[in-house]
Structure formats: C-alpha cells, structure tokens
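Report on the structure given below.
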Amino acid sequence: MAGDASDPAFLTRAFRGAHAVHTLLPYDPASPDYHGDQDRLGESIVAAVRAAGVRHVVALSSVGADVPAGTGFLTSLFRQEQRLRALADVHVLALRPGYFFESVAAAADVVREHGVNVDAIAGDVPIPMVATRDVGDAAARALVARDWSGFAVRELLGPRDLTYAEATRILGDALGRPDLGYVQLPGEEMAAILVQAGFAPQVAALHVEFAGALGDGTIRAQERSVAGTRSTTTPTGFEDVVGELMGVAAP
Ligand SMILES: NC(=O)c1ccc[n+]([C@@H]2O[C@H](COP(=O)([O-])OP(=O)(O)OC[C@H]3O[C@@H](n4cnc5c(N)ncnc54)[C@H](OP(=O)(O)O)[C@@H]3O)[C@@H](O)[C@H]2O)c1
C-alpha cells in the first residue's frame, strides 16, 4: 500500500495482520519544521503499531540515537526510540546504522563540478559507515527471525570506520581523480551552501550541529572494536559500491 506515513489511519490499515513491520522516519531537508514533522510521523507510526496490534517492530534508527540532544537531526531518532520503547507488549528492535555510503556519494555532483569535497564534518575523525544494502539485509533478516524480545538495539557499522578524508579518497579513485581532497568548512559556510541547495535554514543548522557532534565524539558507536573485530560489522565496503553509487564503472 502506498500512502502517507504521517496518516495513522492509513498506516493502521497497512499494518493490520502483519507479524512484523519495518518503520523509519524519512528525512526531509526542505522541511520548515523538521522536528515537528518528525514527531508527527513518529507518533503516527506508534499509534498505528498499537491500533493494528503489531507485535514486532524493526525500526530504522541511527548511531547517535542514544543521545537526547545536541546531535542535529538525530535527536528525532532518540525521541522515536523512546516512543517505541514505551509500547507495551511490543518487541522493538532499533537498528542503529552508521553513516550511509550513499550520503557520502551524494557529493558526487559537487565534486565533479568543483574538484573538491566539502562539508562541516571533521576530516580526520573515524566514522562508522555502512552500505544501505546491508541495512536492508539486516532489517529483512530481523523481520523474518523475530529473535529478540522487549526493546533491543543492533548497531550496523560497516567493515571499518572511515574518516571523511579517506572516504573522499575512495570517491576520487572512483572518479579517476586520485588527488581529490576534502576540506572541512566552518559551520556557517556549510549551512549557507546547504540553504542554496534547497535545505530549510533550520535543517542546515541541524546538519552543522550533527557534524560537530560527529567530530567531537558525541555521536559514536556503542560497540568498541576488540582486536579489529566487532559483532556489529557489516560486509560491504565503500570501495565495493562507490562506482555504482556515483554512476561510474567500479575502479
Ligand atoms: N543518511 C544517512 O547517512 C543515515 C544514517 C543512519 C540513519 N539514517 C536514518 O535513516 C532513515 C532513512 O533515511 P533515508 O535518507 O534513507 O530516508 P529518505 O530517503 O528520506 O526516505 C525514505 C523513504 O521514505 C519515503 N517517504 C518520505 N516521506 C514519506 C511519507 N510522509 N510517507 C511515506 N513515505 C514517505 C520516501 O519516498 P519517496 O522517495 O517517494 O519520497 C523514501 O522512499 C532516517 O531516519 C535517517 O535519519 C540515515
């Protein structure tokens, strides 16, 4: 059924009879009331889960959703986890992926035009990054297995953390520009670029707050690497998908 997730009556019809549902809060950079919209969507989802009598929910969340404030747009995912956690007799699995490779590759057009990658995110901080195909895979497995109880969290962290500088080098290799550089911009400068690209000013400010929280470690994975291994690792690397994401042949 195709419809608007902020309409709880529609969503209840869509969920009725389901053993399990996969839920997410879509990201709308043009929203003039970002957190208000996210709260309405989140409440609609929770109301529909309750009304339809669904017992298992696999909710797409994010690394950083454990932090209540100061993480930019991720605070709406903290709030959604709290709403889902409060559901009685419903088993909720919050999937907390790292940064999507797709989000890094979204800079492809800017990189092609300007020959440099820019953002407000620190270039030298290792960030867990993940392929959305692995997130989808984990969600599908969880929907079928339903092998957790109560409220549980599963991080999805990619084969290794990447700094933004490293991720930019991988982008550059895919584009045949091995010397492609990454420049961290001051927050106000990045916000102005985002507004020019169609972001609502409030969402541009949330991006800058998010970038700062990534850089200072406020947003971080809960599972630490032990001798280079983590149980939350996913298989696909950025090198594996970068060509496909940027619409060029893989290197
Ligand atoms: N991007 C990242 O790096 C990252 C990392 C970790 C977690 N996350 C989280 O993952 C979640 C999904 O992010 P995303 O960037 O993949 O989302 P997205 O592309 O913005 O949205 C996902 C889907 O939701 C649909 N949609 C939008 N508004 C809707 C509505 N009112 N009713 C029903 N469907 C609607 C969109 O359909 P249309 O395409 O047809 O509009 C799209 O297919 C977010 O909560 C985000 O915070 C993102």
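Note on the chain: GNM, Cα springs under 10 Å; of 91, 207, 114, the largest mean-square fluctuation is that of 114. Summarising the amide proton neighbourhood of residue 21: residues at separation of 5 or more, or on other chains, whose placed amide H is nearer than 5 Å comprise 56, 57, 58. Computed over neighbours whose Cβ is under 11 Å from that of residue 68, the net charge equals -1, Lys and Arg +1, Asp and Glu -1. Along the axis of the charge dipole computed for the chain (Cβ charges of +1 for Lys and Arg, -1 for Asp and Glu, origin at the Cα centre), the listed residues 78, 234, 151 are led at the positive end by 151. Charging the Cβ of each Asp and Glu at -1 and of each Lys and Arg at +1, and nothing else, the dipole of segment 32-120 about its Cα centre rounds to 420 debye. Relative to its Kirkwood radius, the Cα radius of gyration of the chain gives an Rg/Rh of 0.98. Looking at the chain, the DSSP beta bridges with both ends there are about 10 percent antiparallel.
For the chain, the Cβ-based charge dipole about the Cα centre amounts to some 1060 debye (Lys, Arg positive; Asp, Glu negative; other atoms uncharged).
You can think of it this way: the chain between residue 193 and residue 229 has 9.2 nm of extra reach, that is 0.36 nm per residue less the Cα-Cα gap. Restricting segment 1-86 to chymotrypsin sites (Phe, Trp or Tyr not before Pro) that sit in a DSSP loop and have at most 15 other Cβ atoms within 10 Å of their own Cβ leaves 27. Could you work out which residue, out of 206, 84, 24, moves most in a Gaussian network model of the chain, that is, has the largest mean-square fluctuation with Cα springs under 10 Å? Per the Cα network of the chain with a 10 Å cutoff, 24 tops the list. Note on segment 1-140: along the principal axes its Cα atoms extend 52, 28, 28 Å, ordered by decreasing extent. Mean silhouette area of segment 167-251, derived from the convex hull of its C-alpha atoms and averaged over all directions, reads 7.8 nm². The distance from the alpha carbon centre of segment 1-51 to that of segment 215-238 is 29 Å, rounded to a whole number.
Read-outs: derived from the displayed coordinates by stated rules, not from any lab. Since we're looking at a predicted model, the values are computed, not measured. Here the Cβ is made from the backbone with ideal geometry for all residues, glycine too, and neighbour counts use every protein chain on show.
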